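> Quick one: the structure is below, questions incoming.
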Amino acid sequence: MKRNQSGFTLIEIAIVLVIIGLLLGGVMKGQELINSAKVKNIATDFKNIPVFIYGYQDKFRAIPGDDGAAASHVTGATEATTPTTGLNGVVCTPATGNAGCVANGVLDGSWNSTTATDETVLFWQHIRMAGLAPGATTPGAGYMPVNAVGGEIGIQGGTSSTTTTPIKNNAGTLAIRGSYIICSPGILGKFAKQLDTQMDDGNSDTGSMMAGPAAAAVGTPIVAATSLDDASTYTVCMGI
């Protein structure tokens, strides 16, 4: 008696393998597109901030956050009162009213400050009340903007000092350059690499964009990494 045996032919198996390959390729391409979109959005976050600064300056002839007459420019705004230094490097004390201590042309404070009266925190209120950016105008939960991967975005004034800069090179000898420094944490190494390649020199330890581990505390400089691990997260800073 004959027995009929059923099974897949080589052609059928080949067709299935081709379909599986196409599906895997589509998934990988889709993930690549998602990652590219995230990098593009993060880059846009960095690029938008200079637009906010120049837009505010064009309107009010003042730096957002450092505006000592903000309340007269936009109703309800909190005016700058607490920069750290005045003219000739004099330490500001509100009681003495040192020259240049209010609206001194410097965005004082740390990019990751949580003090509501710091100029780096008031920056976001001023640009939002001026209609230049969306978001909450009262410091608190949800006040700080976030990037495409959920890390907060902050800005502070630039400095050549390696002790007060947001980030310095791995050797600890050079502060990131720029009148303003924008920083954002929680960015995967693979995204940080793409950002640096697109916007700077492709090196996380040099140029106007640097990346390093998360800051230990407010005002603590980050030491840039000479190489980035794709799966680890970093704080990326850019000078403008």
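> Just the residues that are of a type in the set (A, V, I, L, M) and touching a Gly at 6+ places or on another chain (Cβ under 7 Å), please, taken from region 37-66. Before you say what the answer is, go through the steps one by one.
Kept after step one, since they are of a type in the set (A, V, I, L, M), are these residues of region 37-66: 37, 39, 42-43, 49, 51, 53, 62-63.
Hit for region 37-66 is Ile63, nothing else.
> Got a sec? Which strands (runs of 3 or more DSSP E) wholly within region 124-240 have at least 3 residues that are crowded, with 19+ Cβ neighbours inside 10 Å, under 13 Å from the mean Cα position of the chain (by Cα) and in contact (Cβ under 8 Å) with a residue 60 or more places away in the chain? Before you say what the answer is, go through the steps one by one.
Values: elements: 154-157, 180-188, 209-212, 233-239.
The qualifying strands (runs of 3 or more DSSP E) are 180-188, 233-239.
Residues are listed down the side, and each one gets a yes or a no for (1) in the same structural domain as Leu132 (by TED's automatic domain parsing); (2) modelled with pLDDT under 80; (3) charged (D, E, K, R):
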site: Gln5; (1), (2), (3): no, yes, no
site: Ile20; (1), (2), (3): no, no, no
site: Gly25; (1), (2), (3): no, yes, no
site: Leu33; (1), (2), (3): no, yes, no
site: Lys38; (1), (2), (3): no, no, yes
site: Gln57; (1), (2), (3): yes, no, no
site: Ala62; (1), (2), (3): yes, no, no
site: Ala71; (1), (2), (3): yes, no, no
site: Thr78; (1), (2), (3): yes, no, no
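> Give region 40-64 a look and list any residue that's in contact with a His (Cβ under 6 Å, 6 or more places away or on another chain) and buried (at least 18 other Cβ atoms within 10 Å of the Cβ), or say none.
Within region 40-64, the subset in contact with a His (Cβ under 6 Å, 6 or more places away or on another chain) is 60, 64.
Across region 40-64, the qualifying residue is only Pro64.
> Whether any residue in region 81-98 is among the hydrophobic types (A, V, I, L, M, F, W, C), modelled with pLDDT under 90, in contact with a Gly (Cβ under 8 Å, 6 or more places away or on another chain) and part of a loop (DSSP other than H, G, I, E, B) is what I want to check.
Restricting attention to region 81-98, the residues satisfying the condition of being among the hydrophobic types (A, V, I, L, M, F, W, C) are 87, 90-92, 95.
Restricting the remaining residues to those that are modelled with pLDDT under 90 gives 87, 90-92, 95.
Retained after the next criterion (residues that are in contact with a Gly (Cβ under 8 Å, 6 or more places away or on another chain)): 87, 90, 92.
Filter once more, keeping what is part of a loop (DSSP other than H, G, I, E, B): 90, 92.
Yes, region 81-98 has at least one match.
> Modelled with pLDDT under 95 and among the polar types (S, T, N, Q): does that describe Thr235?
No: the conditions fail for Thr235.
The values are calculated or read from the model by the stated rules, or taken from the named source; none is laboratory data. A quick note: this is a predicted structure, and the numbers were derived from the prediction, not measured. Every residue, glycine as well, gets a Cβ built from its backbone with ideal geometry; the counts of neighbours run over all protein chains shown.
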